[in-house]
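Asker: Structure provided below as structure tokens; questions to follow.
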Amino acid sequence: MPSDLRDHLERDGFVRIPSALSQDEIDALRTACQDVAHLGRAGKWPFVRTLPKQFPPWNSDVSNGIWGVQHLMHPDLPHHDTFAASYFAPYIIAAVTDLLQCCANDLVLELYNLLVRPDVDFALRWHRDDIGPEVSAQEELDRLREPMLHAQWNLALYPDESLIVVPGSHLRARTEEERCADPFEDEMPGQKAVKMNPGDIIFYNNNILHRGVYRSSAERMTLHGSMGIAGADPARARNVLQHGVGTWVGRCDFSGIQGEADGQQASALADDMRNRLVVMGSDQVLSFSQPFDE
Ligand SMILES: O=C(O)CCC(=O)C(=O)O
């Protein structure tokens, strides 16, 4: 099916959906995010992205501050139902099915986290999420040519220009200059800050060459999610589960999610997407209470 959204994502490595949320929806999510960010900063929620670490796993020592709150749909986190409703919102399901050219019944629950303003300025180094810097140019290209099996997005609740990308770099191996650049290079040729207004969503290829540059003075509350396609990538499902989701996802109660997404009850879709993750992440069909219990 023709898709402008997918065409843009394929060409540039990212695509914007402007003003996807109403002001009321933004306000409700801001309230929920303020609360969980406060818990995270106070050391009262153990699943946080702590400074100065860029990649998981993070420990729960918040003495240097945090730049993210993990596991927004965790049943023990306040507002988990508000976050689940936003993860399974019709505008997300419509965009992901369009981008992945699949139907909602193919989707798998993955990650939902919050990215927040650190207490001191902080930056991530240039990276591709799933391809390490040490690979050869040929391997880099081979990996970049693999089909797109999941979609990743940022949904901004405040103006946000922290994500810096090199447009088009998801289509090619790094140039010699990019390969040899300082990992914290502030002037990478062609770089572009992805500017978002409150309520905007950016979907991006997580293997585009990118980094995050965070100013402590700019409020940031950006929801950071991903969804996959069932059956396509069991290794990724196992990875999602191993990164902590497996310990709690079986306890999520999605029955309170109102409304429809892709012509079906959003609550039923949520259950199905969770079940597909668990089935894919295990080598056999398992009930939730077995290997993923806390
Ligand atoms: O802050 C962002 O938007 C990007 C985060 C990022 O690059 C990452 O988590 O790998």
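The values are calculated or read from the model by the stated rules, or taken from the named source; none is laboratory data. Quantities reported herein were computed from a predicted structural model and do not represent experimental measurements. With ideal geometry, Cβ positions are generated from the backbone for all residues, glycine too; neighbour counts draw on all protein chains shown. Only protein heavy atoms, including side chains, enter the accessible area calculation; ligands, DNA and RNA are left aside. Shrake-Rupley method; radii C 1.70, N 1.55, O 1.52, S 1.80 Å.
Asker: Looking at the stretch 214-236, which of its residues are farther than 21 Å from residue 49 by Cα and either outside any loop (DSSP other than H, G, I, E, B) or charged (D, E, K, R) (or both)?
Answerer: Result: 228, 229, 233, 234, 235.
Asker: Within the bounds of the stretch 62-69, is there any residue that is of a type outside the set (S, T, N, Q), more than 14 Å from the ligand (Cβ to nearest atom) and crowded, with 22+ Cβ neighbours inside 10 Å?
Answerer: No, the conditions are met nowhere in the stretch 62-69.
Asker: Output the residues belonging to the stretch 10-24 that are in contact with a His (Cβ under 9 Å, 6 or more places away or on another chain), open to solvent by less than 50 Å² (accessible area, probe 1.4 Å) and not in a loop (DSSP other than H, G, I, E, B).
Answerer: Result: 12, 14, 15.
Asker: Which count do you get for residues in the stretch 221-238 that are open to solvent by 10 Å² or more (accessible area, probe 1.4 Å) and either more than 27 Å from residue 279 (Cα to Cα) or within 14 Å of the ligand (Cβ to nearest atom) (or both)?
Answerer: 1
Asker: Can you tell me which residues in the stretch 25-61 are without any contact (Cβ under 8 Å) to a residue 60 or more places away in the chain, open to solvent by less than 70 Å² (accessible area, probe 1.4 Å) and within 16 Å of the ligand (Cβ to nearest atom)?
Answerer: 48, 50, 58
Asker: Name the single residue, out of those in the stretch 95-136 being under 18 Å from the mean Cα position of the chain (by Cα) and of a type in the set (S, T, N, Q), that is surrounded by the most Cβ atoms within 10 Å (Cβ to Cβ).
Answerer: It comes out as 97.
Asker: Here is a follow-up. Pairs please, first residue from the stretch 141-152 and within 13 Å of residue 229 (Cβ to Cβ), second anywhere and in a helix (DSSP H, G or I) and of a type in the set (D, E, K, R), Cβ atoms under 9 Å, 6+ apart in sequence or on different chains.
Answerer: 148/6; 148/10; 149/236; 150/236
Asker: Here's a follow-up. In this structure, does residue 157 turn out to be of a type in the set (A, V, I, L, M, F, W, C) and in contact with a His (Cβ under 9 Å, 6 or more places away or on another chain)?
Answerer: In short, no.
Asker: In this structure, does residue 145 turn out to be within 16 Å of the ligand (Cβ to nearest atom) and of a type in the set (D, E, K, R)?
Answerer: No, not satisfied.
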